[in-house]
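This report concerns only the one structure given below.
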Amino acid sequence: MATGGMDEASNMKVVLKHYVSGSPQETDMHLTAGTIKLKVPKDSNSIILKNLYLSCDPYMIFKMMKLERQLTDPYVLGSPITGYGVAKVLDSAHPGFAKDDLVWGITGWEEYSLISDPKNFFKIQHTDVPLSYYAGILGMPGITAYIGFYELCAPKKGDYVFVSAACGAVGQLVGQFAKLHGCHVVGSAGSPEKVGILKNKFGFDEAFNYKDEPDFDATLKRHCPEGIDIYFDNVGGKMLDAVLLNLRPHARIAVCGMISQYNREQPDGVQNLSSMVSKEARMQGYLATNYYHLYPKYLEMILPLIKESKVVYVEDVADGLENAPKALVGIFSGRNIGKQVVAVNCL
Ligand SMILES: NC(=O)c1ccc[n+]([C@@H]2O[C@H](COP(=O)([O-])OP(=O)(O)OC[C@H]3O[C@@H](n4cnc5c(N)ncnc54)[C@H](OP(=O)(O)O)[C@@H]3O)[C@@H](O)[C@H]2O)c1
């Protein structure tokens, strides 16, 4: 909304109040009003963005914490927090971007952002799909699923695949990729509703609610009686430990994330690593950001699958920046069903 000055707009922001320990709460953030000039500074390389969709991603918890061994730069208190988003360019001094371009990349949790160095933004070329998909299936979570499953797990037809946090942004894609590849797929998620979605919407062969299961080893023996060739690990902790007891020979584990451990002062220990020796198993962690050079190849694969409805994508869309803190903290207790995004200023 324009304010008094020429080309100046009011700009609501989500700001971190203090660094958190344990699970983040809505009250760790607050909304604050500011203003922003909607023209790029002269002699800069910057762009001005109107933010359309913001992505709630588990890694953001590390930026909300001040840790002794910091994995990533923490958020600056009093400044808008940052994360992946989809946005429209309002003004540009950068030769690679023009007014009205649609882009995705790391932006501010605010209505408008000045990006002084936009080199890591991707220009959106395909707009015949929902724009919010560029925060999920066509953005960072999509590449994460693609790299982890195809590059790290080297899937073969008939492989037995297990995916944890399977109803989320990444997991729902891994399960569908595995089914398209001719694998047998089992998923775990945290509610009966999610279990139903895994089986009825994403086509998982089996699914279970891990919150109802006191003994994950017994659960896996029941749902994966042949054992596990591929484990796509989104949660770590006790589930990883139980998977290690159920591996098939030459199993592959993609260590995508360990969300069950992120809010722990004392992480769970892993007891069963020795089974990797007898099963000649391979376990590999990775960062999707180091594979962005494969994004065009991924788009080539995924766009036709979306258009032909061979892959579906479930999103959980929170409406308005005022609901963004609630949406973000919700992913750490499984409140989201599918990819959690926040719609800020829809076109
Ligand atoms: N390596 C990379 O480059 C990369 C990139 C993106 C994401 N990741 C990782 O991938 C994983 C999934 O991310 P996402 O974006 O797809 O998130 P998401 O699944 O959309 O949301 C997180 C989900 O995790 C589950 N969860 C939360 N706390 C849990 C706990 N204590 N134990 C078990 N499950 C819990 C919840 O589902 P339930 O209802 O099932 O509990 C929640 O919905 C995360 O570990 C994330 O850090 C890694």
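Side notes on the structure shown:
- The ellipsoid equivalent to the alpha-carbon distribution of segment 154-218 has semi-axes of 19, 13, 9 angstrom, derived from the gyration tensor eigenvalues as √(5λ) and listed largest first.
- Cross-linked pairs K99/K326; K39/K123; K201/K221; K179/K307; K50/K339; K66/K119: Cα-Cα separations exceed 29 Å for K99/K326.
- Using Cβ point charges alone (K and R +1, D and E -1), the dipole size of the chain about the Cα centre works out to roughly 380 debye.
- Each residue, Q25 and L180, gets one label point 7 Å from its Cα in the Cβ direction; the gap between the two is 4.3 nm.
- Over the chain, the reciprocal of the mean inverse Cα-Cα separation, the Kirkwood hydrodynamic radius, stands at 21.0 Å.
- Cα gyration tensor shape of segment 141-289, rounded if a/c is under 1.5, else prolate or oblate by comparing a/b with b/c: rounded
- GNM result for the chain, Cα springs below 10 Å: residue of P296, P41, P74 fluctuating most strongly: P296
- Once the Cβ-Cβ distance of K157 and A218 is raised to the sixth power relative to R0 = 22 Å, the FRET efficiency obtained is 0.15.
- Estimated 222 nm signal from helices in the chain, with DSSP H stretches of n ≥ 4 weighted -39500 (n - 2.57), rounded to 500: -5500 deg cm²/dmol
- Gyration tensor (alpha-carbon) shape descriptor, segment 100-216, a/c threshold 1.5: prolate
- Inter-part distance where segment 257-307 and segment 129-168 are each reduced to a Cα centre, Å: 10
- Residues N272 and I106, FRET efficiency given R0 of 51 Å [Cβ-Cβ distance, rounded to 0.05]: 0.85
- Residues C224, C153 in ascending order of nearby Cβ atoms (within 10 Å, fewest first): C224, C153.
Each value in this text was obtained by applying a stated rule to the coordinates, not by laboratory testing. Just so we're clear, the structure is a prediction, and the values are computed from it rather than from any experiment. Positions of Cβ are backbone-derived with ideal geometry, glycine not excepted, and every protein chain shown enters the neighbour counts.
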